[in-house]
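Report on the following structure.
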Amino acid sequence: STFPSGIKKRKGRKLYTQAQIDVLVHEFRKNGYVSKEDRVRIGQMTGIPEDKVKIWYQNRRYKEKKEGESTSSEGRRSQSPSAEETNSMAARSTLPSHCQLSHPFKLMNIS
């Protein structure tokens, strides 16, 4: 919509369901970078537009980087798994059954 001054109002934030987040996190653990084909596939699985999947990946990489930098003064490593641990976990994990969808989601619009 447009304000009387001609300024366009921003769209409301859309929240993802827990099942959508589970799919995104599962796919992210397999590979922290998403290809065009994977964006399309994940978008079809979750009902999330592929450009939003790309943005979610960018935000998650930033979050993981930021969390990795926040180590204690004693020099302990962060609680997030290393790349090797993540690849190992992804190799032996399967998508939870509640994430295997037969129909796309509708996004909740929070204004």
For the pair residue 62/residue 33, report the inter-label distance in nm, with labels modelled 7 Å from Cα in the Cβ direction. 1.9
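May I ask you to order 47-59, 31-43 by the average number of other C-beta atoms within 10 Å around their residues, highest value first? Please list the in-between numbers first.
Values: 47-59: 16.0, 31-43: 14.5.
The most tightly packed comes first, giving 47-59, 31-43.
Hey, what's region 20-68 come to in accessible area per residue, 1.4 Å probe, Å²?
Working: 2890 Å² over 49 residues.
That works out to 59 Å² per residue.
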Starting from the Cα of residue 8, draw a straight line to each of the lysines and keep only those under 25 Å, dropping any in the same chain fewer than 8 residues away. 52, 54, 106
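The values are calculated or read from the model by the stated rules, or taken from the named source; none is laboratory data. Note that the structure is a prediction, hence the values are computed from the model and not measured. Here Cβ is always computed from backbone atoms with ideal geometry, including for glycine, and neighbour counts include all displayed protein chains. We work out accessible area using only protein heavy atoms, side chains counted, and drop any ligands, DNA or RNA first. Shrake-Rupley method; radii C 1.70, N 1.55, O 1.52, S 1.80 Å.
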